[in-house]
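The values are calculated or read from the model by the stated rules, or taken from the named source; none is laboratory data. Keep in mind that this is a model prediction, so the values were computed, not measured. Heavy atoms of the whole protein, side chains included, go into the accessibility calculation; ligands, DNA and RNA do not. Shrake-Rupley method; radii C 1.70, N 1.55, O 1.52, S 1.80 Å.
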Amino acid sequence: EHMGFDAAFDSNTFEALCRAHIKAFSRGAERYAAETNLSRRVGDWQRRLAPILEEEEQRAEFDIHSYGHRILERIEMEIKDQRLAHTKYQAPHALLSSQSNVVDFQSVTNDCTQFEVCRLFMASLMLSNSGNVLLSRDGTESEEAATSNENCLRIELLKSNFELPMETYLVPSTIVDDNTGINSVEVS
């Protein structure tokens, strides 16, 4: 009888051991399937992204300062064109009251590719930060209409001289008093 008990116990233990191994194998197979699905998705993403990155590599390097100069030149040209159009069709006294330094952002980005429009917008933000331009949206539209209309962004030219603030900035520790030749920041 003792043998029968051990045999029954061994078969239950063997079955439990088999179930545990099958369950572990099943979990591993699920993990493998999930990893395979993830690796497939990553591979798809890489295949879609590779041509975009290759195209980006072919483009000229983004120089925010040259784009800033380009914006200022286009704004000035657009303002001159607007003023010429006013002088042709309006009396001289009307010209004085209608002169404006405001242009549509779209007129600055005419004939530009999508990536250049993004670069020009980034440069216009820098110009706004340095006080060269003021960005605003056309006030005639509701907020909802303005977000769906790409033509509502306006740029006002405040000053056309382009400065590179980071190139002319001096940290206080490098400023020397012209009269005494001593650094104006106290050293402890």
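A few remarks follow.
- Using a probe of 1.4 Å, the accessible surface attributed to Met77 totals some 110 Å² when neighbouring protein chains are kept in position.
- In terms of accessible area, using a 1.4 Å probe and ignoring ligands and nucleic acids, Val108, Val117 rank largest first as Val117, Val108.
- Gain on full stretching of the segment that runs from Glu55 to Val102 - 0.36 nm per residue minus C-alpha separation: 13.5 nm
- Segment Met126-Gln46, length gained on full extension (0.36 nm per residue, minus Cα span): 25.5 nm
- Heavy atoms of Leu153: accessible area, 1.4 Å probe, square angstrom to 10: 40 Å²
- Residues Thr180, Thr113, sorted by accessible area with the largest first, give Thr180, Thr113 [1.4 Å probe; ligands and nucleic acids excluded].
- Portion, in percent, of the accessible area of segment 7-72 that falls on carbon or sulfur, probe 1.4 Å: 60 percent
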